[in-house]
Amino acid sequence: MSRLSEKTAIVLLMFIVISCGVKDLKPAGDEINVTVSIIPYRNFVELIGGEKVKVNALIPPGASPHTFEPTAMQLKQVAGSDIYFKTGGSFHFEEEILGKISGDLKRIKILDCAEGIELIDNNPHVWLSPDNAYIIAGNIKDGLIAASPNDSLYFLNNYNRFTARLDSIDAGISKSFERFEQRTFLVYHGAWKYFADYYGLEELAIEREGKEPGVNQIRDLVQTAKGLQLKYIYISPRQNPDPAVMLSGEINAYIDTLETLPSDYINNLEITASKIMRDFK
């Protein structure tokens, strides 16, 4: 969408929102209270919303969505939000949370940031590829504009700054990956499928759909990794490294981490790409 047409869309959106009732809008100057599930979405909201938002990430740094249990105070914070930006897709944790505060949902605007994203094998890690990050950021921008139309140009300018920086980093990563013929990398938990597909890479995952590998699968993985001379197995910082360490001895590989829940999305994108490239030839 061109800048002109995007601004036109914002004007139309403002008209629609105002027509639906001014009482539902935030008064000019008031912060929008936002809750997100995970840290990367807090980063998106902060970059686009700036000083106009107050954002709370339900799952704190270092915690795993697979084992996290919210406290009563955290559920109260969710219930007091103006907007809940859902990670969406197949991130089932959120449905459990919203079910626990069902009586308070009438006052909260719940927006699905995965709207417009095509899921791959029900994989919830949609935010890890740049093409999806553009969609997520756009959905957040639109949600903030709808909540506070008077600040629409502020949100749009912040969104444009974010996407321009992402454009630049993404272009550099794409160019770097083009140099390699062998583009397979080995991970324990298959979180990087969207990233791999976007950049034309192949994610070789040990654990699939949360299930530990069987004997035959491990044998095939070892043969493939040895054939490609892969030297790294990547795990999440929150993952128990023991299973990966055991397998690393079979293929003489190092263990390293790839951050799936970054607090600085664009910086993490560069770090991830530079790590993965070490195994390419």
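The values are calculated or read from the model by the stated rules, or taken from the named source; none is laboratory data. What you are looking at is a predicted structure, and each value in this text was computed from that prediction instead of being measured. Please note: Cβ atoms are built from the backbone with ideal geometry, for glycine as well, and neighbour counts cover all protein chains shown. Note: accessible area is taken over every heavy atom of the protein model, side chains too, but ligands, DNA and RNA are not part of it. Shrake-Rupley method; radii C 1.70, N 1.55, O 1.52, S 1.80 Å.
Output needed for region 89-206: three equivalent-ellipsoid semi-axes, defined as square roots of 5 times the C-alpha gyration tensor eigenvalues, in descending order, whole Å.
Sorted largest first and rounded, they come to 31, 22, 8 Å.
Compare the peptides 58-64, 87-93, 136-142 by average per-residue count of other Cβ atoms within 10 angstrom and give them in order, highest first.
136-142, 87-93, 58-64
Hey, for a label at Ile218 modelled as a point 7 Å past Cα toward Cβ, could you say which residues of region 239-265 have their backbone N under 19 Å away?
Taking a point 7 Å out along Cα→Cβ of Ile218, the residues of region 239-265 whose backbone N falls under 19 Å are 240-256.
Hey, any idea what % of the chain's accessible area is carbon plus sulfur with a 1.4 Å probe?
Ligands and nucleic acids excluded, carbon and sulfur reach 52 percent.
Students often check this: by mean Cβ neighbours within 10 Å, which of 181-188, 168-175 ranks highest, and how do the rest follow?
181-188, 168-175
At 222 nm, what helix-only mean residue ellipticity would the chain give, in deg cm²/dmol to the nearest 500, using -39500 (n - 2.57) for each DSSP H run of four or more?
Helix contribution divided over all residues of the chain: -15000 deg cm²/dmol.
If packing is taken as the average count of other Cβ atoms within 10 Å, what order do 220-226, 261-267 fall into, highest mean first?
Result, highest mean Cβ count within 10 Å first: 261-267, 220-226.
Projecting each Cα onto the charge dipole of region 103-200 (Lys/Arg +1, Asp/Glu -1 at the beta carbon, about the Cα centre), which of Tyr159, Cys113, Gly172 comes out farthest on the positive side?
Working it through, the farthest residue towards the positive pole turns out to be Tyr159.
Size of the dipole of region 145-281 about the Cα centre, Lys and Arg at +1 and Asp and Glu at -1 on the beta carbon, nothing else charged, in debye to 20?
Approximately 260 debye in magnitude.
Starting from the Cα gyration tensor of region 71-126, take the square roots of the eigenvalues, sort them a ≥ b ≥ c, and report rounded, prolate or oblate (rounded when a/c is under 1.5, otherwise prolate if a/b is larger than b/c, else oblate).
Prolate, because a/c is 1.5 or more and a/b exceeds b/c.
Among the lysines, which have Cα under 22 Å from the Cα of Lys76 when same-chain residues fewer than 8 positions away are ignored?
Lys26, Lys52, Lys54, Lys86, Lys100, Lys106, Lys109
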